[in-house]
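Structure first, commentary second.
The values are calculated or read from the model by the stated rules, or taken from the named source; none is laboratory data. Just so it is clear, the model here is predicted, and its values are computed rather than measured. Virtual Cβ from ideal backbone geometry, glycine too; neighbours counted across all protein chains shown. Quick note on the areas: whole protein, heavy atoms, side chains included, nothing else; ligands and nucleic acids left out. Shrake-Rupley method; radii C 1.70, N 1.55, O 1.52, S 1.80 Å.
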Amino acid sequence: MTSNGSTTTKDGLSNVNVTAALDVEGNVPLESVQLDGLVVLKIIKHCREFFPNPVTGQLLGLDVNGVLEVTNCFPFPGSKADDENEIVDGARYQVDMMRCLRDVNVDHNTVGWYQSTYLGSFVTHKLIETQYNYQQTFNNKSVVIVHDVSRSTHGNLSLRAFRFTRAFMEAQKEGKFTSESLIKNKLTFSTIFEELPITIKNSHLVTALLHSLDDYEHVIPKASSLDKETVVGPLTPNFDTLELSLDPYIEKNLEFLLEAVEEHSQEQSNFAFWQRSVVREQTKMQAALQKRKQENTHRLAAGQDPLPEEDIAKMFKFPPEPSRLDSLLITSQINNYCKQLNQYAGPTLGKLFMAGEFQK
């Protein structure tokens, strides 16, 4: 027991320090995400098994001093029917899984969810609704992990952690994405998501196992000692990163980019049509007001009471401004496609120039 009344553990940490480190009250903002190696393997396995169909799952862990430590995960079931031809209730499945994990003393604190994507096409209304519910329920201490299977097949593991910014959460809470709301919250397509850095951590036992496997791979047995059951090494080299052609990947990106540009053009046309409708109604209202003013001038000259001008504004109904959320999401998706093209076009040209020098 210390002088201020707080107890001290064997390691010399007081209860106050432990509470601050665990961030029980949620005062420390998230700065990074730490994934266990087993969690990464589970996510990759689940996403690849159902590729190219999208899949989702739950992330479990703990928020420790601004670092979201993800220690476990489990997949959500897909849409399928049981013996009574009823759809499996995903919410009930989630509750049952959390109860089972708690019974076996496994981390069961929800810290977010993950989903698979194809060529970075993850900015959808479904993701917006799901992530908003997570951040509202868990005090902004939840993230979504996006795994792009198609991009990972080219040699780079694609795992990205996102959460909504405070500006987007405020706009989503109001449920209005008008021009006035976007200006008020200073919201643009680049301020919808906040990407957090991801680090992968393995336990000491797993690290020791990987070192032993690496040492075992470099041990080449003698030819006289080889038999049919001898295994040269459990790890096989991957030469996919040396492939010079990435045309199919870039071609698909360009196709999706063109589709997104067309959708954005359609949204702009809808917004322009609304603006023309508003201008047309305003023109009619101004003409009616001018006519009422002239009529009132004649009535005053004839000694009669003027007619109220407020009734003119009530006669005209301006069309409501369409939501700008779709335009923001499409613009954010176009930005993702452009970044992917820049990232893959550069290395591809470098490989081609290098191969051309070797052939000389």
* **Heavy-atom SASA rank of T153, T56, T137 (probe 1.4 Å, accessible area, largest first)** => T137, T153, T56
* How far is the Cα center of region 290-355 from the Cα center of region 105-165, in Å? -> 31 Å
* Asked: What's the local net charge at F193, with K and R +1, D and E -1, over the other residues with C-beta under 11 Å away?
  -> 0
* Structure fact -> The answer for V111, listing residues at least 5 apart or on another chain whose modeled amide H is closer than 5 Å to its amide H, is L59, L60, G61
* Asked: Which residues does a label at K284 reach in region 314-343, if reach means a backbone N under 14 Å from a point 7 Å past the Cα toward the Cβ?
  -> 314-320
* To do: With r as the distance between the Cβ atoms of R99 and T199 and R0 = 25 Å, compute the FRET efficiency 1/(1 + (r/R0)^6) and round to 0.05.
  => 0.25
* Structure fact -> With A313 itself left out, Lys, Arg at +1 and Asp, Glu at -1 over residues whose Cβ is under 15 Å from its Cβ give +2
* Structure fact -> Length gained, F50-V261, 0.36 nm per residue minus C-alpha separation, equals 73.1 nm
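Tally up the carbon and sulfur contribution to the accessible surface of region 259-353 as a whole percent, 1.4 Å probe, everything protein left in place.
56 percent
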* On each of the three principal axes of the Cα atoms of region 278-337, give max minus min coordinate, whole Å, ordered largest first. => 70, 14, 10
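Whole number in Å², please: accessible area per residue of region 264-321, 1.4 Å probe, ligands, DNA and RNA not counted. Before the final figure, lay out each step's value.
On the way: 4500 Å² over 58 residues.
Ligands and nucleic acids excluded, the result is 78 Å² per residue.
Can you give the local net charge around T165? Use residues other than it whose beta-carbon is closer than 13 angstrom to its beta-carbon, Lys and Arg +1, Asp and Glu -1. Could you put the intermediate results ahead of the total?
Working: positive: R163, R166, K173, K186; negative: E170, E194, E195.
Here the count lands on +1.
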